[in-house]
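I have placed the structure first, in the form of structure tokens, so that the comments after it can refer back to it.
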Amino acid sequence: MNKLKNIQPVIGILAQSEFHKELYNHCAIVSKFYDCEVFYFSNSNIDSSNDLIKGKTFQNGRWIWKDYSLSNGIDVIFDRLRTASSPKYKHVYDKIKHIPTTHPNFGQKMNKLTFYDKFYEEGTLLENIIPYERFLSTKATLNFLEKHRNIILKPQSSSGGKNLYYIYFNDKNIEVALEKSIISYSSEEFSKWLDNLSGRDNYVLQKFIPSKTLDNHPFDIRVHMIRNINNEWEFLAIVPRVGHDIAKISMLSNGGYIGQWKGFVSRNFSKENYKKINRNIREISLKSVKVMEKVFDSKITEVGIDFVINKDNSIYFVEYNVNKPAEFYAGFDLALNGIGYARYIALNATEEDYIL
């Protein structure tokens with residue numbers, strides 16, 4: 001049992017800015033339910049020389065400034081910056097590493113190949129891994145394309161489907177699709193295109209899994225999970241994300257949209273299949289967290305997992321997000337469970353809840 005520094009647990013929300021003010025408002029409401037005090041702050045509010053963090057706390061219907069002792073005034077950090085392992089933010093976390101935090105040691109962006117390799121080597125969820133390989137050469141890429149006929153070529157580190165190419169055979173030619181444009185190449189022309197592809201050594205090849213709505217739009221599923229006040233996993237959201245490009249989802253700002261999980265599955269896979277798909281995606285998500293903690297030897301407290309589902313109802317991993325799981329999907333439930341988990345850590349912190 002961790003010894004509290006205060007009568008009520010004091011929870012500092014480490015934020016990048018005031019961008020997520022709605023979340024802080026939710027946290028203020030939840031804090032009354034959990035009998036704790038919350039405030040939010042950013043790096044610019046840490047004054048190490050005077051042992052202070054200047055934060056904003058909610059009192060009498062408004063946010064006001066309040067000084068907190070850096071050395072002994074805070075019981076736990078609810079980390080929404082989530083960059084503890086990033087060199088860019090090392091100076092921030094060095095100032096608060098004596099305080100337990102909800103997101104201690106996953107902070108660097110994990111590229112797709114690392115995730116695929118680790119899961120493949122561990123072996124528990126092989127049937128949910130899309131066949132893939134690192135870009136090695138033009139010849140190896142042609143062999144991979146011959147084997148699977150429809151493939152994706154994408155950077156190991158990217159988000160939002162940037163620079164994602166959908167490549168497939170069309171009669172004797174090879175078609176290369178990027179967003180809404182399609183270019184047709186002969187085999188020789190395609191080889192030259194690959195030879196000239198900028199940064200190609202940092203790409204990964206994947207078999208294309210057709211994950212399409214009844215209206216022939218590409219979609220994926222974002223599963224957002226977080227630990228709760230009992231240190232157990234909660235599903236904050238399971239969100240279908242639909243795009244309008246040929247083979248990838250679109251950002252909401254570019255015309256993509258999200259759907260309601262049960263209604264989406266019932267329409268696109270039938271009402272009879274909803275229970276099975278819902279059960280399977282939850283079971284795979286929970287198993288995957290155990291695998292992640294095992295292969296990276298690090299505690300995970302919140303994740304956003306992206307899946308695709310083919311016409312046979314098979315579920316495949318696309319990406320694993322341990323740092324920025326898109327909190328706008330979750331709203332009040334994120335505050336309820338996040339502050340709840342922070343309170344749990346305030347009372348039960350162990351060595352693994354501190355930044356290394």
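For segment 331-347, in order, what is each residue's ³J(HN,Hα) by Karplus, 6.51 cos²θ - 1.76 cosθ + 1.60 with θ = phi - 60°, in whole Hz (x at glycine and Pro)?
x, 4, 5, 5, 5, 4, 7, x, 5, x, 5, 4, 5, 4, 5, 4, 8
Once phi is turned into ³J(HN,Hα) by the Karplus curve 6.51 cos²θ - 1.76 cosθ + 1.60 with θ = phi - 60°, what whole-Hz value does each residue of segment 13-18 show in order, with x for glycine and proline?
Here the 3J(HN,Hα) series is 9, 7, 10, 7, 6, 8 Hz.
Quick one: net charge of residue 205's neighbours, Cβ under 14 Å, K/R +1, D/E -1?
Numbers: positive: 112, 134, 139, 147, 149, 154, 200, 207; negative: 117, 133, 146, 201.
Net charge in that neighbourhood comes out at +4.
Hey, got the dipole for the chain? About the Cα centre, +1 on K and R Cβ, -1 on D and E Cβ, debye to the nearest 20?
On the way: 47 positive and 41 negative charges, 90 e Å.
Result for the chain is approximately 440 debye, rounded to the nearest 20.
Distance check, please: which entries in 212/299; 294/324; 112/294; 118/154; 112/287 exceed 26 angstrom between their Cα atoms?
Working: 212/299 34 Å; 294/324 21 Å; 112/294 18 Å; 118/154 19 Å; 112/287 19 Å.
Pairs exceeding the cut-off: 212/299.
Pick out, in residue order, every one of the GluC sites (Glu not before Pro) in segment 146-238 that is DSSP loop and has at most 13 other C-beta atoms within 10 Å; say none if there are none. Kindly include the intermediate steps, with their values, before the conclusion.
Numbers: sites: 146, 175, 179, 188, 189, 232, 234; in loops: 179, 232.
Those that pass, being in a loop and sparsely packed, are 232.
Set Lys and Arg Cβ to +1 and Asp and Glu Cβ to -1, take the dipole of the chain about its Cα centre, and tell me which of 278, 231, 320 lies farthest positive.
278
Between residue 313 and residue 62, what is 0.36 nm times their sequence separation minus the Cα-Cα distance? Round to one decimal in nm. Intermediate results must be reported in sequence, preceding the final value.
Working: separation 251, 0.36 × 251 = 90.36 nm, distance 4.88 nm.
Stretched out fully, the residue 313 to residue 62 stretch lengthens by 85.5 nm.
For residue 7 and residue 43, what is the calculated FRET efficiency with R₀ set at 30 Å and r taken between the beta-carbons, to the nearest 0.05? Don't skip to the end; give the middle numbers.
Working: r = 28 Å, r/R0 = 0.93.
About 0.60, to the nearest 0.05.
With the dipole of the chain worked out from charges on the C-beta (+1 for Lys and Arg, -1 for Asp and Glu) around the Cα centre, which of 263, 14, 39 lies farthest toward the positive end?
263
If R0 is 35 Å, what FRET efficiency do you get for residue 183 and residue 90 from their C-beta distance, rounded to 0.05?
Working: r = 44 Å, r/R0 = 1.25.
Using R0 = 35 Å, I get an efficiency of 0.20.
Where nothing but the Cβ of Lys and Arg (+1) and of Asp and Glu (-1) is charged, how large is the charge dipole of segment 1-79 around its Cα centre, in debye to the nearest 20?
Its charge dipole is roughly 160 debye.
What does the charge count around residue 228 come to, taking other residues whose C-beta lies under 13 Å from its C-beta (Lys +1, Arg +1, Asp -1, Glu -1)?
Values: positive: 227, 343; negative: 232, 234, 302, 333.
Here the charged neighbours net out to -2.
Short version: ³J(HN,Hα) in whole Hz for each residue of segment 211-227, in order, from phi by Karplus 6.51 cos²θ - 1.76 cosθ + 1.60 (θ = phi - 60°), x for Gly and Pro, what are they?
Rounded to whole hertz, the list is 10, 10, 6, 4, 8, 6, 9, x, 9, 9, 10, 9, 9, 10, 10, 8, 6.
Give me the base-10 log of I(q)/I(0) for the chain at each q in 0.09, 0.12 Å⁻¹, Debye formula, one uniform scatterer per Cα, rounded to two decimals.
Calculated log10 I(q)/I(0) at the listed q: -0.57, -0.93.
What trypsin sites (Lys or Arg not before Pro) does segment 152-208 have in DSSP loop regions with at most 16 other beta carbons within 10 Å?
162, 172, 180
Tell me, how many Å apart are the Cα centres for segment 293-356 and for segment 205-223?
For segment 293-356 versus segment 205-223, the Cα centre distance is 23 Å.
For an R0 of 45 angstrom, estimate the FRET efficiency from the Cβ-Cβ distance between residue 267 and residue 172 and round to the nearest 0.05.
Details: r = 38 Å, r/R0 = 0.83.
Step by step, r from the Cβ atoms, then E = 0.75.
Can you tell me how much longer the chain between residue 54 and residue 356 gets when fully stretched, taken as 0.36 nm per residue apart minus their C-alpha distance, in nm with one decimal?
Details: separation 302, 0.36 × 302 = 108.72 nm, distance 2.44 nm.
Stretched out fully, the residue 54 to residue 356 stretch lengthens by 106.3 nm.
Once segment 132-207 is represented by equal point scatterers at the alpha-carbon sites, with solvent omitted, what log10 I(q)/I(0) does the Debye formula produce at q = 0.18, 0.25 Å⁻¹?
Taken in order of the listed q values, log10 I(q)/I(0) reads -0.65, -1.36.
I need to check one value: relative contact order of the chain, counting alpha carbon pairs closer than 8 Å and at least 6 residues apart, in percent.
Numbers: 676 pairs, mean separation 75.4, N = 356.
Once normalised by length, the contact order is 21 percent.
Here, each number is a calculation from the coordinates, and none is a lab measurement. If you're wondering where the values come from, they're calculated on a predicted model, not measured in any experiment. Neighbour counts are summed over all protein chains in view; Cβ atoms, including those assigned to glycine, are modelled from backbone coordinates with ideal geometry.
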